[in-house]
Structure formats: structure tokens, C-alpha cells
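Colleague: Okay, here's the structure, questions in a sec.
The values are calculated or read from the model by the stated rules, or taken from the named source; none is laboratory data. As the structure is a prediction and not an experimental result, all values here were calculated from the model. Every residue, glycine among them, receives a Cβ derived from its backbone with ideal geometry; neighbour counts consider all protein chains shown.
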Amino acid sequence: MAARNIAYLLVGLLALFHTWGVTADVEVNMEDRVEVFRGETASIACMFTSSEGVGGMIIQWFYVARSGEKQKIFYQDATIQVVDKGTPFTDRIRVNGTGATGEIVLTISNVQLADELEFICLIKGLTEGTGEGRTKLKVFVMPDLPTIEGVQTGISVNEDSPSKIGTCEVKNGFPRPNITWYRNTTPLRGPLDVVKMVPSTTVESSGLFSVKSDLSMKVMKEDKDDLFYCEINYFVPGGLRMTETPDINITVHYPSTAVSVWVESPKGNIKEGDSIELQCRGNGNKPSSILTISDERGENTIDNNVLVLDNVTRLNSGVYRCTSMDMDTYEEISGNTTVFVNFLEPAVVMPKDPVVVAQGEELTATCNALSSLQTQIVWMKDGEEVSTHNSLIVKDATFDSAGEYVCVVTVLEIEGMETSGTLNVEVQGPPEIMKPGSTEMEESFGTTVDLSCSVRGFPTPSVTWTTSDGKILKTASQRKTWGEVHSVVSIKVTSDITAFCNASNDFGTDALTFNIAATINTTTPATTTTTTTTTATITSATAETPIPPKKIKKEGNGVIIAVIIICILLLAILGSVLYFLYKKGKICGRSGKQDLTKEKSGKDNIVVEMKSDNTEEAVLLGVNGEKQPPSDQGGAYLDVQK
């Protein structure tokens, strides 16, 4: 109640002042506009002055509806502050300041697009003096990233009106964004009959703007490499921003003014048997054009501007023409190229194969091959070069001259281009046996020896084997090669053998002698260190395990072996003499009938086995000089008492 009375008092004072005719001046200052992003908080300041001072002022805030009507949203005087109910701002506004400082601020939270209105700050003094200020609230929304889409089909330069190039679009911006088309780095401009940009704007349900722009233009051949893009400009609080779309290019269809045809592969010279790839292309770009490749024999079908000729011959040489026809105007243009297929015919060798030449005579042969390029000729025999000319000359022919001669003709300019011919030469003459390393040999009794004999000659010689006693040996194997026979015979050594390799043909004979000396194996006692180098085998009677026979080689030791044999014979004679004296009673006072071996120990016996060189059985002598039965023969035995 007291407050109300004070209010009445103040009103009465104001009325009194008015009655006295005193008017106060009120001046209000506000910004023209306040800018803010949607969803943020806007602050609108109202500054005022009065000749009466700033105390006790009545402050009111209004907004101007889109219909133009002014709507109050706030009231404040010296005693109260009131936010009007039922307005769009009732729950979102707040006023800071009492007016005592000459400044009061209206804040609006969570600003929306509908808040983009004009706000009025009304200041009324203690007298009739009144002032007001106005501020426009501007709301901004950044748009989405722009998109661009070019036409997928080609555009012909022959079109009479502008053709569509592409479409740019930017969505959900506020206020409305702006689209500008660029070609390369220059904004697109031009007469409407050449360049046409058609914009369209859509207001979304959210109140945001989506903008689209279609570009159409008449194209020229020079536009085939151009890049097109869009620049998007949009406002933000405090300024202007810009973003760009990616580049696009277009396919321009234009007729050819020239046509080219060329050999894509192989690069360089072409030879018979190659596959040729011909390519044809015009300098235009028009799908309605038809390309054909033709030569003197007619047209050839091409696929994707390519013609392939497989396994070409010299007949494929000639001029190839590529023709392009514009199916819209039926105009033709053409270009051509020349193809030459190199050739190398098979080598011709004269005289014809085979050739027979007598020993000592001269052979002359020639080799030639017709070619489109220069050739090199080489004669080869057994992998070695024998001539570098087209002529082959063999003087004073021998068996070494016989064989296969190969003539190789090569075109050096083209890798892999070569041909060859052969000439088989036979040298006529009597057999000639090629001497082996040795025809004298020693082998042990019972072993088998392979003798080989290689013979040259023409006609091919026949080969037989014989022995010194006239026996014909059976051939183990025989192989015939070029002008040569290789024969092998197997012989079992039972004694000294002389074998002959006999070769003959229509022009003569030849023979080769092989001498085989048989050797005897020797066994050495296990309990002694006696070394025997003779053809006899000495065995100890007490040895339990015989030592395997040892092959004795008689290379330079013949004299020593002979001396040993003589010593053994002398021992045998000495034993016979002692036995004779014993029988006569000349030794130890014994009579001739005493047994020399009566008290001799068996383990003291020495057994000597003697064999003749012709392998006849030795005669075994007992203590009485009598022959032993065959079952007891292992050689000749001589018992000597120690």
C-alpha cells in the first residue's frame, strides 16, 4: 500500500510539472542491426540521455510484427519490471540495467529465424518528453556444402541452341545463398543465346533456403578441355563467406578435320610371320563418325580403331588408308600409311645333299637365300664356324672333312630373322682305324676285358674280331655313326691273348692288334710278413684265414720275379739232395730207411705251392718223393724239418 501511495505521489508530481509547462528532452541511441547465428543469444543495447537526468524513466520494449503492428514485450519504471505474457519472447528475454546509468540491454536466448524482426526501445521521461530507438535483429544459418553435377552425355558443337552443361545446388542456408558459375578461373558471362544460367530457390519447411542453378551454353571444340565449377557466397554475422564446388569437365563432340593411321606394333621393321596392329584415329570426337581401313585388296573391319593382321606375308605389303565418315553430314576425310613386310626365303644349298667326295679331292658348295634386306651367311660344322662366305671350299678332303655342314643365313637388322640349309658330306676311302691309347695290357686270370675299335671310311666299313689262333670273336655291341663304326668285343682272360680288329670296305682294309698278358694272383700268409712277388702262392699250414690273392703287376719287376722263381727251384733241388743223402745214411748216422719227418710237429710245416705258368697241375712230393693223390693237391708240397 505504501508503494502504491508513493507511485501516486510521483504521478502527481509529474502532473504538476506538466501543469507548470516544463518539457524534458529524451535522446535514445541504438545500433541499426544486431547479427547472430541461429540458436545463439542476441544482445540489443539501448542507450539514452535526458535533460532531466536518467533517473525515474519509464522503459518499454516492443517488436514490430511482420504485419507491421507494434507489440510490447517488456515494461519497466522506477518500481517494477514486467515481461508481457503470451508473446513469442515471453520465456526467452531478459533486460539488464535499471536505466540509472543510461543503458539497458535486451537479451534474447536461442534465437530462431522467426526472431528476425525490428525491436524498439521506448524511453519516457518524468514529463512529457519521450524518445525511442530501433534495431533490426538479423539471423544467419550457414548452408550445407554445395554440390555440382555435369551432364553425362556428350555435347555437339553443331547444336543450334545452348546445351545443358551441369547443375549446382546449395541447401539450407539463411539468408539465401548466391551461386556464380566459373569456366576455368573466369566467371561465366555472355549473351543469353550463348550462355544461360537459370537459378531457382526453394524455401524449406524449416524456413531455410535451398538454391539451384542450371548452366547451359553453346560449346565449341576449344571447350573440350575446359573445367567448370560453382562459387557459393553466403552471409554470416559480420561479413560474407565463399566456398567452391569440385571441377567438372564435359565431352564435346566435334567432327574430325584430319585422320591418321599408323602401325602400332611391331615397332621398326616387320617380317613375315609377325602380327601387325594398325591403329586409325581422327582429330575429332564424334561417335557418329565411322572409321574404316582399306588396302588395295579391299576394306578390313576394325574394332575400337584397331586392325590386327596375323601371320603376315609379303603379300600384306602396301598402302593402308583410313577413312572417317561423318554420318550427320556424310563428309569423308582420310589418311594413309605404307606397310612393308620383309621376307627371307629358305636357304638353297648347291650341290644338293648328300655329297660324296674322294680322299684328297676338293669340294665346293654354295648357299644363298633371297631376302628383302642384306644378309650374313655363315657355314658351321660341329658347332664351329668354318666359313663366312656363301661359298664353302674344302681342299684335300679327309675323313675329318666328312659330316654335316650347316649354312646359316641371318638378317642382321631384324632379330630372329634367319634360315638355314644343310649339306651332308661323305669322304670316300679305305677304312682307317683310329688308334686307341694302348693296345698292350695285363689282366688277371678269369677277368673279362672289353676291347673297342673305332673305324672311319666310306662306304661304311664292316668290322670283325679274330684271335691269333684264327678264332672269330662275337661282337658285344656295334654302333654306326656318321662315316664311323664303333665296335666292342668282350674277352675272358684264361691265358695270354692276341686279338685283331679287322675293318674292310670296297677301297681296302685295316687291322689293329691287341695283346693281353695274363697275370696270376698271389696270397700272402697271415702269420708272416713274407712278401711274394712270384707266380707262386705260399701258404702257412697254421693259418686259419687265407689272405685274399693279390694281383701282381709286372711293370719293371720281371728280373726280381725271375730271381725269386730260381731261388724256389734251388730250394726244391736242395731238398731233394738232402733227402737222397738221408736215404744213403750220410746224414746223422741214419740209415736210408729212417723217416725224416717222424718227430716233426704239424704246426712247424711249411707248405709251398708251385704252379707252372701254363696253369698245369703241379706234382706234389711227399717225404718219400712219391706223388700225392689229386685230393691232396693244392700245389706242390715240400716238408722241411726245422
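Colleague: With part of a strand (DSSP E or B) and within 60 Å of the chain's Cα centre (by Cα) as the only criterion, which of Ile123, Ile148, Ile104 stands out?
Modeller: After ruling out the rest, the residue left standing is Ile148.
Colleague: For Glu40, state whether it is part of a loop (DSSP other than H, G, I, E, B) and either surrounded by 13 or more Cβ atoms within 10 Å (Cβ to Cβ) or not hydroxyl-bearing (Ser, Thr, Tyr) (or both).
Modeller: For Glu40, the condition - part of a loop (DSSP other than H, G, I, E, B) and either surrounded by 13 or more Cβ atoms within 10 Å (Cβ to Cβ) or not hydroxyl-bearing (Ser, Thr, Tyr) (or both) - is met.
Colleague: Right, next: Of everything in segment 5-58, what is modelled with pLDDT of 50 or more and more than 25 Å from Asn96 (Cα to Cα)? Give them in sequence order.
Modeller: The initial filter retains those residues of segment 5-58 that are modelled with pLDDT of 50 or more, namely 23-58.
Listed by number, the list holds a single entry, Thr23.
Colleague: Inside segment 382-458, counting only strands (runs of 3 or more DSSP E) that do not spill past its ends, which hold 1 or more residues that are in contact with a helix residue (DSSP H, G or I) (Cβ under 7 Å, 6 or more places away or on another chain) and either of a type outside the set (Gly, Ala, Ser) or not assigned by TED's automatic domain parsing to the domain that holds Val355 (or both)?
Modeller: Ranges flagged: 391-394, 418-434, 448-458.
Colleague: Does segment 311-323 contain any residue that is under 43 Å from the mean Cα position of the chain (by Cα) and at positive phi?
Modeller: yes
Colleague: If you don't mind, another one. Could you give me the residue pairs with C-beta distances under 6 Å whose first residue belongs to segment 253-269 and is without any contact (Cβ under 8 Å) to a residue 60 or more places away in the chain, whose second residue is surrounded by 14 or more Cβ atoms within 10 Å (Cβ to Cβ) and among the polar types (S, T, N, Q) wherever it lies, and which are 6+ apart or on separate chains?
Modeller: Partner pairs satisfying both residue conditions: Glu264/Gln279.
Colleague: Kindly evaluate Val219 against the criterion of being assigned to a strand (DSSP E or B) and either modelled with pLDDT of 90 or more or not basic (Lys, Arg) (or both).
Modeller: no
Colleague: Scan segment 414-430 and report the pairs whose first residue is more than 28 Å from Val455 (Cα to Cα) and whose second residue is surrounded by fewer than 17 Cβ atoms within 10 Å (Cβ to Cβ), with Cβ atoms within less than 6 Å and a gap of 6+ or a chain change.
Modeller: Pairs found: Ile414/Asn269; Thr419/Pro346.
Colleague: Let me ask something else. For segment 238-263, give me each residue that is at pLDDT 95 or above and in a loop (DSSP other than H, G, I, E, B).
Modeller: Thr245, Pro246, Asp247 - these are the residues of segment 238-263 that are at pLDDT 95 or above and in a loop (DSSP other than H, G, I, E, B).
Colleague: Does Asp84 count as assigned by TED's automatic domain parsing to the domain that holds Phe37, surrounded by 15 or more Cβ atoms within 10 Å (Cβ to Cβ) and without any contact (Cβ under 8 Å) to a residue 24 or more places away in the chain?
Modeller: So Asp84 passes the test.
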